[in-house]
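Below is one structure, written out as structure tokens; the observations come after it.
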Amino acid sequence: MSTTEPLKTLAEPWDGGETASSRALAPAAPTPIVPGGSIAGRSLTAVVAIMTFLAALTTGAVMMVVGAASDWQAEVGREVTIQVRPVPGRDIEADVRAVIALTRATRGIADVRPYSREESAKLVEPWLGSGLALNDLPIPRMIVVKLASGSTPDFAGLRGALAAQIPSASLDDHRGWMDRMRTMADSAVVGGIAILGLVLAVTVLSVTFATRGAMAANRPIIEVLHYVGATDRFVANQFLRHFLMLGLRGGAIGGGSAIVLFGLIQGASAWLAGTPGGDEASALFGSFSPGIAAYLGIFLQAVLMAVVTGWASRHTVNRTLESID
């Protein structure tokens, strides 16, 4: 090396030069106040995902219960039944014909279908079994009455006529069943709302504790930011952005998992359609599809969980910054 060449081992601060060590130490991009990939952040994402999943399951289950109850009420409300009991000294076949004639003459009746003795006997097979001699048993005869749409049947007049002419006949308009189903649906809605309230409360508490932990871990940085002129709004927005993204990620994971689960259940229900087990499950629980409204509700719940996460973090940050000031 020539002695006349300038020796330059360190770049002077005013000449704009950079050494390899300075480039290695300089951050490639602005570093956020709250680290994005921390263990606490991943744990909070998991909590939000679980809470969103539970809330979505509750919403879907409530929607299915309400839908099944509504279908049952619509189906049961379109027809009534008349039961004719066998009584010693009376011809049950004549009583059935008399009941049919009275029912067809009543206002608001669309169709009357009497069950035969064999069909009435099949109704008790689930309790007594098949292959039994039921001729000697006093099995009542059932008459299904379909109501005309848009009209109000005269049930009081029909009951009075049946009581006067065929004392062994009784009319059941299924009002008790409809009241029970309505009560069940209302109870499911109230229970779902209570569960959603608990889920939101747990989410707010989890976010509050996580925010306080992040504030405690980054307190020196926050104090330095205050000393250099950073406002409380700037610091609060940093935490809000961080926890809002965590809430969106957790809500998307939880809500998406619930949608996939409901889709699998709906697919399994369609695959089992036509089988004895599938038909019984469909008759008991109705359609296993929550419907478009439930899927939209799950999406809104995922967004709500993110908003709740961001709001809880901002509220906690503001209260903590007041204590620092």
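The values are calculated or read from the model by the stated rules, or taken from the named source; none is laboratory data. Quantities reported herein were computed from a predicted structural model and do not represent experimental measurements. Here the Cβ is made from the backbone with ideal geometry for all residues, glycine too, and neighbour counts use every protein chain on show. In case anyone asks, the SASA skips ligands and DNA or RNA and just uses the protein heavy atoms, side chains included. Shrake-Rupley method; radii C 1.70, N 1.55, O 1.52, S 1.80 Å.
General remarks:
- Checked against (1) open to solvent by less than 20 Å² (accessible area, probe 1.4 Å); (2) modelled with pLDDT under 80, Gln266 passes all but a single condition, namely (1).
This table checks each residue for (1) modelled with pLDDT of 85 or more; (2) touching a strand residue (DSSP E or B) at 6+ places or on another chain (Cβ under 8 Å); (3) β-branched (Val, Ile, Thr); (4) not in a loop (DSSP other than H, G, I, E, B).
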| site | (1), (2), (3), (4) |
| --- | --- |
| Thr58 | yes, no, yes, yes |
| Val76 | no, no, yes, yes |
| Gln83 | yes, yes, no, yes |
| Leu102 | yes, no, no, yes |
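- Taking the numbered list (1) farther than 30 Å from Ala236 by Cα; (2) modelled with pLDDT under 80; (3) not assigned by TED's automatic domain parsing to the domain that holds Ala188 in turn, Arg97 passes all entries but (2).
- Filter pass, Ala188 being farther than 20 Å from Val47 by Cβ and in a helix (DSSP H, G or I): yes
- Some residue of the range 122-142 being part of a helix (DSSP H, G or I), open to solvent by 40 Å² or more (accessible area, probe 1.4 Å), modelled with pLDDT of 85 or more and more than 29 Å from Ser70 (Cβ to Cβ): no
- The range 37-56, residues that are among the small types (Gly, Ala, Ser) and either outside any helix (DSSP H, G or I) or open to solvent by 40 Å² or more (accessible area, probe 1.4 Å) (or both): Gly37, Ser38, Ala40, Ser43, Ala46
- Within the range 181-219, the set of residues being within 18 Å of Glu322 (Cβ to Cβ) and open to solvent by 60 Å² or more (accessible area, probe 1.4 Å) comprises Arg212, Ala216, Arg219.
- Neighbours by Cβ (under 6 Å, 6+ apart or cross-chain): first from the range 305-325, on the phi > 0 side of the Ramachandran plot; second surrounded by fewer than 20 Cβ atoms within 10 Å (Cβ to Cβ) and part of a helix (DSSP H, G or I): none
- The criterion of being buried (at least 18 other Cβ atoms within 10 Å of the Cβ) and within 30 Å of Ala194 (Cβ to Cβ) does not hold for Ala74.
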